[in-house]
Amino acid sequence: MTGAETNMRLKLPIICFILEIILIILFGVLVQYDYEVDAREWHNKLNPGNKSHSEHNGHPESNSHSESKVHSNYDNDFYYRYPSFQDVHVMIFIGFGFLMTFLQRYGFSSVGFNFLIAAFSLQWATLMQGFFHGMHGGKIHIGVESMINADFCTGAVLISFGAVLGKTSPVQLLVMAIFEVTLFSVNEFILLTVLGAKDAGGSMTIHTFGAYFGLMVTRILYRPNLDKSKHKNCSVYHSDLFAMIGTIYLWMFWPSFNSAVTAHGDDQHRTALNTYYSLAACTLSTYGMSALTAHDGKLDMVHIQNAALAGGVAAGTAGEMMLTPVGSMIVGFLAGIISVLGYKYLSPILEEKLKVQDTCGVHNLHGMPGVLGAIVGAVTAAVATTDIYGKGMEDVFPDVAKGNITASYQGVRQAISLAVTLGMALVGGLIVGFLLKLPIYGAPPDTICFEDNIYWEVPGDEEEDHQDKATVRMTETERLNA
Amino acid sequence: MTGAETNMRLKLPIICFILEIILIILFGVLVQYDYEVDAREWHNKLNPGNKSHSEHNGHPESNSHSESKVHSNYDNDFYYRYPSFQDVHVMIFIGFGFLMTFLQRYGFSSVGFNFLIAAFSLQWATLMQGFFHGMHGGKIHIGVESMINADFCTGAVLISFGAVLGKTSPVQLLVMAIFEVTLFSVNEFILLTVLGAKDAGGSMTIHTFGAYFGLMVTRILYRPNLDKSKHKNCSVYHSDLFAMIGTIYLWMFWPSFNSAVTAHGDDQHRTALNTYYSLAACTLSTYGMSALTAHDGKLDMVHIQNAALAGGVAAGTAGEMMLTPVGSMIVGFLAGIISVLGYKYLSPILEEKLKVQDTCGVHNLHGMPGVLGAIVGAVTAAVATTDIYGKGMEDVFPDVAKGNITASYQGVRQAISLAVTLGMALVGGLIVGFLLKLPIYGAPPDTICFEDNIYWEVPGDEEEDHQDKATVRMTETERLNA
Amino acid sequence: MTGAETNMRLKLPIICFILEIILIILFGVLVQYDYEVDAREWHNKLNPGNKSHSEHNGHPESNSHSESKVHSNYDNDFYYRYPSFQDVHVMIFIGFGFLMTFLQRYGFSSVGFNFLIAAFSLQWATLMQGFFHGMHGGKIHIGVESMINADFCTGAVLISFGAVLGKTSPVQLLVMAIFEVTLFSVNEFILLTVLGAKDAGGSMTIHTFGAYFGLMVTRILYRPNLDKSKHKNCSVYHSDLFAMIGTIYLWMFWPSFNSAVTAHGDDQHRTALNTYYSLAACTLSTYGMSALTAHDGKLDMVHIQNAALAGGVAAGTAGEMMLTPVGSMIVGFLAGIISVLGYKYLSPILEEKLKVQDTCGVHNLHGMPGVLGAIVGAVTAAVATTDIYGKGMEDVFPDVAKGNITASYQGVRQAISLAVTLGMALVGGLIVGFLLKLPIYGAPPDTICFEDNIYWEVPGDEEEDHQDKATVRMTETERLNA
C-alpha cells in the first residue's frame, strides 16, 4: 500500500536528528537563562526578608529598604505568567492537535504530526525570536515569557498545518516549519519593534500570518486529483467528538492566550475578560448561523468546531485595549457570523475558483477573523484617549503615553502592520510552497491522502495484511469461541 | 426522519440572534469593567514601586508608605482567582459537556448544547447576578470574580440540563436557561445577602437548586411513551470512555470550584484541601458500593462516572469552614454511599412512581449530596467557636465575628437557606416546566429521543440516506478495492 | 464468562470500606491543617494591611514593621503551588489513566482502576509521608505541599500499575498500593532526609522506584500462558487516540510536575524551563528513532505515546539544578533514543529471557530514563560551584552552601541514592509480588486478561448475553426499521 517514495525510514530520522543536533549546538552557543531563571542572578536581587517560608536561614548581607529595589520571590515573572503559559501549552498541543482529529482516518497524524512540528517549532522559535528581540551581550536570554512566545509562534505553524492537513508528509511539515518560524519572527519583529504595533493575542502575527501563509502553501501544492481521496476527507461520529475536545479547550483557554504576554495587572485582567465575552457572543451567532444556513436547520459540526472560536481570534489585537465588554461582544458576534458564512459559501469558491484546498478551513477560522481583529485593533487604538486609559496608557500604548505619537497614528501603525503581515505571509507562502513542491519529501499520492496508514503503523496492519478493522472483527469471533 | 416541527432552521437562529442582541444592548447600557480591570482606575491605585519589572519609567506622584494604601500589580484579584476560574471553566465546558456523552448517539448534543446554553447563560448570569449584587452607581461592575460567579450559575443550568438530557430541543433549553438563571440569581441573593448564609461551593445555590429545578421540569415534561427510545438511552463502549473524560475533570478540579470565590489566604487553601479529601474518600465508597449492589460484583460505569463526584458536591458549603480533614472524608464517604444507592434503588422508583425521568440521575449526584452538603454546612456553622477560628472567623462567618449573631444562629440561617432553595427550585421548575411544555419549541417526538440526528448533521447522513455507520463500511470496502 | 473466583461482590467492598474506615480513624487521630490552612493560625500571622481587598474591617492589634515578620495573603504557599498541584493532579488522573487506555478492551479498567488506586494512595500517602517527614508534636500537618507529595507517591504506584496492567484484580492493586506507598515513603525518607539527596521531580523516588518495583512484581506474577489473551493485548484505532490524550497531558504538564515542590522563585522557574526543553528535544529523537527502527519507516504509536515522555523523567533530578537549556536538551534527546530502543529491542528480551511481562513498557518510559535522570543529577550536582549558583546554592544544595560538604560529595550522595532506590524497589517488589500471588484476590485467568468484562458491566452485556458490539448492531437494525 505504501510505496518506496513515501517511506520515512531514512528521511524522517535524518531530518529529526540533524535538526535537533543543530538546535542543541545553537542553544549551547547562544542561549542562557534570564536573570529570573538563573540561580546566581536572581538571588543577587532577592530580598532575604521575603524569601520562601521554607528557608529560614537569613543571608548575612545588609539590606536596607531605602537603599535599592529589592525583590521577593513573588516578583519572579514565573508567578505572573506560568498559569497562562500552561493554558497556552494546552491549546497548542491538545487544542490544535485534537481539533484536527475530525478526519475519520487521520487522527494519528493530526495529533502526532501536530506534536512533532510543535516540539520542533518551539525550540526553533526560541532561537529565531531571541535573535530578533532577546539578545543581551550576544546571548539569547530565556524564561517563561520566551516560552510563551515560542508557543505562540508554534501556533502560527499549526494554523498553516491545518490548511495542508492530510496532504503532506512529516518531513515536508518540518521543512515548512523551519521557514515559517523564521518568517514569523521577522514579521513579528517588524510589527512589534519597528512599527510599534500592539498585538498581544496575535490577530495579525499569529492568526493572519499563519492562515495566509498556509493558504498560499496549499495553493502552490494544489492537487487536481484530490477527489480520489474525497471519501476519506470527512468525519465519522467519534472523530467529531475527539475534535470537540480540541475545540472546547481552545475556546476555554483563549482568554489565557490573549492575555499571556500583556502587561501585569489590569492589562492581563482586561484582556482575559474581553476575550471571554467575545467568545461567548461568538458561540451564539455561530449556532444561529449554522442552523440558518442549513437546508434542514440541522447544526453542522464543522461550524461548531471552528466558527465558535473566531471570537477569540478577533479579540487578539484589541483584547488588551479598553474595548469594553460590549465592544468585545459585538466583535465576537460578527466573527461568528463571518466565519460560518466563510465555511458555507466562501470555502467552496476558494477551492473551485482559486484552487485553494483548505482542509480545516483556516481561512474562515484564522484568516478572516484575524483580519477583522486587526481592523478592530486599529480602530480601537485610533480612538484611545488619556481620559479613558489614564496612567494605564503607558502599558497599552507607550508611545502615545510619552507623547511621541497621537492615538490616530497608532491606529495607522496597526493598519500598516496588517498590510505588512498579509504581504509577508503571501510572499513567504509562495516561496515556501514551491520549495515544498520538490518531489523529495515523500508526500502522499492523491489516492491516499487523509490516511494515517501511509506514515503510521495502524492497529491490525501487520497481523492481518488486508485492512484495519479486521482485527476487531477477528477478536470478536474469538471472543465468541472463547 | 426529521419532521417539520423539529426543524430548527428558523427557531434556533431567531432565538440565538434575539438573545445575543438583547445581551449586547444591556451590556452596553449597564456593564462596566471593575476597578481592577479598568486601565485608568487600576493605575490610579497602583504603587509605582511595585510595578511589573517590564515597565521601568516610574510615575511622578509622591508615594509614602504611611500616607495611603498602595497597590502592587499582585494585589489585582486576577492573580488570586484566575487559575481557579480556568479550572471552573474546564468543569463547565469539558466536565459537564463530556460527562453527558455517555449516551451512544447523543454526544454531539451533549457537548454541543452544553456549549450553547453555557455560552448564553454566562452572559445572562453576568447581568442577573450583577443586578442583584454588583451594582455601583447604576452600573454592573465585572471582573474575574463575576466571571467565576457567572460560570457557577451556568453550572446550575447544566445540572438541570442533565435531568432533561435527550428529550429537549436547543430552543427549549435556551428558554429554560433564561428563567433558571434569573431564578438562580434571586435565590442566591436571598441566601447570601438577605439571609447571610455561606455557600462558597454552592451545595445549595448550585447543586440543590439546579437538581430540584431540573427534576421538576422533567416531571412536568413527563413522556409516558419514552420507552420507545429506550434502546438509545444507554451507552456504548467508547461513549463511556468519553464520559470518563468529563468525570475525571470534574473530580480533579472540584477543589478549585469550591475554593474559587472564598476569601484569600487560608480560606482558599482550606477549601481546596477539604474538597480533595472528601472526593478521595467518596471514590472508595463509590467503588465499594458499586460492586456490592451489583448481582455479579461487576462495577457499573454509571456509578463511577457520577457517584464518585458526590464528595465534591457535599463539601460545597462546609468546605471553607474548619471541617477538618477527617470531617471532609466522612462527608465524602457518606456522599458516595448515598449516591450509589440513589442510582441503584431510588432512580427506578422516582421514574415509576413519581414519573420523574432523570436521564443523568442528577438527583443522585447533585440533589441528595447537595442537601447533605447543606446540612453538613449548617451543623459545622452551628458549632463554630472563636477558639477554633481565631481572627479567621471574620472571613468565614463575619456576622458571628462581629458579635451580631451566635454561631448556632448562623446554623439556623444555613438550614433556612436550604429550605428556601428547595422551595424556589421546585416552584420555579413547576412554572418553567409548564412553559416548556408548549408545543412551539421543536422538542423531539418520543420515538427519537436521545438521538443527535434530529438536530445535527451526523456524518454519513447526506451521502448515504439510510443510516450512520454505513459510511464507515463503504470506505472500508473502497479501501479493500484500493 | 466470569467465574466465582473473580467475583468482586464481596472482596472489593470489604477492602474499600475497611481501608477507608482505617484512613478516617487515622486521619482523625493524627492529621491537622498546617498553619497556612488553619483559620486561627494563619490569621495570627497575617498582616492586616495586606488583607484581601474584599475584607475592609481592620484588626485592632498594633502591627509595626520592625516588630515581627508579618504575612500577606500572598505569602500563603497556596498561591505559589496550587496551579502546579492542579497540573500534577491532571497528570495523575487523566495522564496516567488515559495513557493506559491503549488496550482495545481495557479502557474502563485503565481509567477506572487508575482512579480507584490513586484515590486510595493519595490518602494513604498523606499518612505515610506525614509520618516520616511531617510530624509536629505528634500530629501530621497537611497543606498544598503535602497534597502534591501525596500525588507524587501515587504516581509511583500508577507506574507499577502500568507494568501489571490487564493481569490483576482491583483488590490486588489496592493491596499492592498499601505496601508500595509505605515503601515509597521509607525510600523517600532515606533519600531526602537521611542521605540529603535532591530529587524534586522524582527521577529516583518516583520513576526508578515505581518502575523497578512494578517490574519485580510482574516478574513474580509471571503467567506462562498469557499468550492466550494475546489478541486482546493490543490497541484499536480509537483506543490509541484515547491514549494520546494521556500522553499529551503528561507531556504538557511535566514542567509543572518537576517544579511543583522546588524552592520558590528561580528554582521553580528554572525547573519548568529545563523540563520544557528536555521534552521538546526528546520528542524529535523519539520520532526519528521510531521511523528508523521500523522495517517500513512507519511510526509506531507505542513509541510516540511513551518514549516522547522520557525527557520529563530524565529531567526529574537535575531539572532544578543549573543544568542549562542545552544540557536539558541533550538529556531529553538521549532519553528518547534509549526509550525507543528499549521498546523495540529490550522489552521482547525481558519478556522471553527474564519472564518480565511489562504491559506498558514502564522499564522503557520510567525505568531506564529514571536511572539516566539519577545519573545526570549526580553528575550535575558534583560539578556545582558557587560561581554558577551564587547565593542560590542554598536553595538547591543547602549542605554545600553551608560548607558542610563538597559538591562532589553531593554527587556521591545522589549516586548512593540511586543504588538504594534500586535495592528497595527490587526487594520490595519481590516480597509484595509473592504476597500478591496468593490466590485470594480474584485475579483474572490467563484466558481473559486485558478484558474489562471481567470486572465491569460492559454495555450490551445484560441485554444481549453473547458479546459486546452486538448492541450497536442491534440498534442499527432498529434504526433501519424505525
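The values are calculated or read from the model by the stated rules, or taken from the named source; none is laboratory data. Note that the structure is a prediction, hence the values are computed from the model and not measured. Neighbour counts are summed over all protein chains in view; Cβ atoms, including those assigned to glycine, are modelled from backbone coordinates with ideal geometry. Calculation scope for accessible area: heavy atoms of the full protein, side chains included, ligands and nucleic acids excluded. Shrake-Rupley method; radii C 1.70, N 1.55, O 1.52, S 1.80 Å.
Taking Cβ atoms as reference points and 10 Å as the exclusive limit, the residues near A:Ser290 contribute a net charge of 0, counting Lys and Arg as +1 and Asp and Glu as -1.
The average projected area of region C:278-364, computed from the convex hull of its Cα atoms over all directions, is 5.7 nm². Over region B:116-162, what is the mean sequence separation of C-alpha contacts under 8 Å (at least six apart), divided by residue count, expressed as relative contact order in percent? So the answer I get is 50 percent.
Once you treat every alpha carbon in region C:99-227 as an equal point and sum by Debye, what is log10 I(q)/I(0) at q = 0.09 Å⁻¹? With no solvent term, the Cα-only Debye profile gives -0.27.
Threshold 10 Å², probe 1.4 Å: give the residues of region C:267-281, in number order, that are less accessible with all protein chains present than with their chain alone. Hits at the 10 Å² cut-off: C:Gln268, C:His269, C:Arg270, C:Ala272, C:Leu273, C:Tyr276, C:Tyr277, C:Ala280, C:Ala281. What the Cα atoms of region C:349-402 give is an Rg and a Dmax of 18.0, 52 Å.
When the solvent-accessible area of chain B is split by element, carbon and sulfur atoms take up 63 percent of it, the probe being 1.4 Å. About the centre of its Cα atoms, the protein assembly as shown shows a dipole size close to 720 debye [charges on the beta carbon of Lys, Arg (+1) and Asp, Glu (-1) only; nearest 20 debye].
In this label model, A:Val194 and B:Asn225 are separated by 7.1 nm, measuring between points 7 Å along each Cα→Cβ vector. Seen against the Cα atoms of chain A and their longest principal axis, helix A:237-259 is set at about 10 degrees. The chain B residue nearest the rotation axis shared with chain A, using its Cβ and rounding the distance to whole Å, is B:Pro83, 3.
Residues in the protein assembly as shown average 30 Å² of solvent-accessible surface per residue, probe 1.4 Å, ligands and nucleic acids excluded. Since only B:Ile178, B:Ala381, B:Met252 are under comparison, the one whose Cα sits farthest along the positive direction of the charge dipole of chain B, derived from C-beta charges on Lys, Arg, Asp and Glu, is B:Ala381. With only the Cα atoms considered, region B:297-413 has a convex hull volume of 110 Å³ per residue. With +1 assigned to the C-beta of every Lys and Arg and -1 to the C-beta of every Asp and Glu, and no other charges, what is the dipole magnitude of chain A about the Cα centre in debye, to the nearest 20? The dipole magnitude comes to about 1040 debye. The mean sequence separation of alpha-carbon pairs under 8 Å and at least six residues apart, normalised by the residue count of region C:75-150, gives a relative contact order of 32 percent.
What total accessible surface area, summed over both chains, is buried at the interface between chains C and A, computed with a 1.4 Å probe and given in Å² to the nearest 100?
About 8000 Å² of accessible surface is lost on pairing.
Per residue of B:295-308, other chain Cβ atoms within 10 Å of the residue Cβ number 5 on average.
Scanning chain B for trypsin sites (Lys or Arg not before Pro) that sit in a DSSP loop and have at most 15 other Cβ atoms within 10 Å, the longest stretch containing none of them is B:70-354.
Out of all Cα-Cα pairs in region A:237-311, roughly what percent, to the nearest whole number, are more than 20 Å apart?
Of all Cα-Cα pairs in region A:237-311, 40 percent lie more than 20 Å apart.
Roughly what angle does helix A:11-30 make with the longest principal axis of chain A, taking Cα atoms, 0 to 90 degrees, to the nearest 10? Tilt of helix A:11-30: around 10 degrees.
Averaging sequence separations of C-alpha pairs under 8 Å and six or more residues apart, then dividing by the length of chain C, give the relative contact order as a whole percent.
Once divided by the residue count of chain C, the mean separation gives 21 percent.
Between beta-carbons, use under 9 Å as the cut-off and find the net charge around C:Asp300, counting Lys and Arg +1, Asp and Glu -1.
Result for the local shell: +1.
With label points set 7 Å from Cα along Cα→Cβ, the inter-copy distances at A:His295 are 5.0, 5.0 nm, sorted shortest first. For chain A, the longest principal axis of the Cα atoms and the long axis of helix A:77-90 meet at an angle of about 10 degrees. Put the Cα centre of region C:410-438 next to the Cα centre of region B:255-281 and the gap is 36 Å.
Each Lys and Arg contributes +1 and each Asp and Glu -1, all at the Cβ; summed about the Cα centre of region B:181-300, the dipole is approximately 460 debye.
For region C:170-245 and region C:291-367, compute the distance between their C-alpha centroids and round to whole Å. Rounded to whole Å, the Cα centres lie 16 Å apart. Computing Rg and the Kirkwood Rh from the Cα coordinates of chain A gives a ratio, Rg/Rh, of 1.01. Between copies, B:Asn225 shows label-point distances of 5.4, 5.4 nm, shortest first, with the point placed 7 angstrom from Cα along Cα to C-beta. Using the Karplus relation 6.51 cos²θ - 1.76 cosθ + 1.60 with θ = phi - 60°, the per-residue 3J(HN,Hα) values for region C:217-228 come to 4, 5, 5, 5, 7, 3, 10, x, 9, 5, 5, 5 Hz, with x marking Gly and Pro.
Comparing the full protein assembly with the isolated chain (1.4 Å probe, heavy atoms, ligands and nucleic acids excluded), the residues of region B:382-405 losing at least 10 square angstrom of accessible area are B:Asp387, B:Ile388, B:Tyr389, B:Gly390, B:Lys391, B:Gly392, B:Glu394, B:Asp395, B:Lys402. Position C:Val29: other-copy label points at 6.6, 6.6 nm, ordered by increasing distance, label point 7 Å along Cα→C-beta.
Calculated [222 nm] ellipticity per residue, helices only, for chain C: -19000 deg cm²/dmol; basis is -39500 (n - 2.57) per DSSP H run with n ≥ 4, divided by all residues, nearest 500. Computed over the protein assembly as shown, the P(r) curve from all C-alpha pair distances, binned at 10 Å from the origin, holds 2, 9, 18, 24, 23, 17, 7, 1, 0 percent per bin. Under a Cβ-Cβ cut-off of 15 Å, what is the net charge of the residues other than B:Tyr409 that fall near it, where Lys and Arg count +1 and Asp and Glu count -1? So the surrounding residues net to +2.
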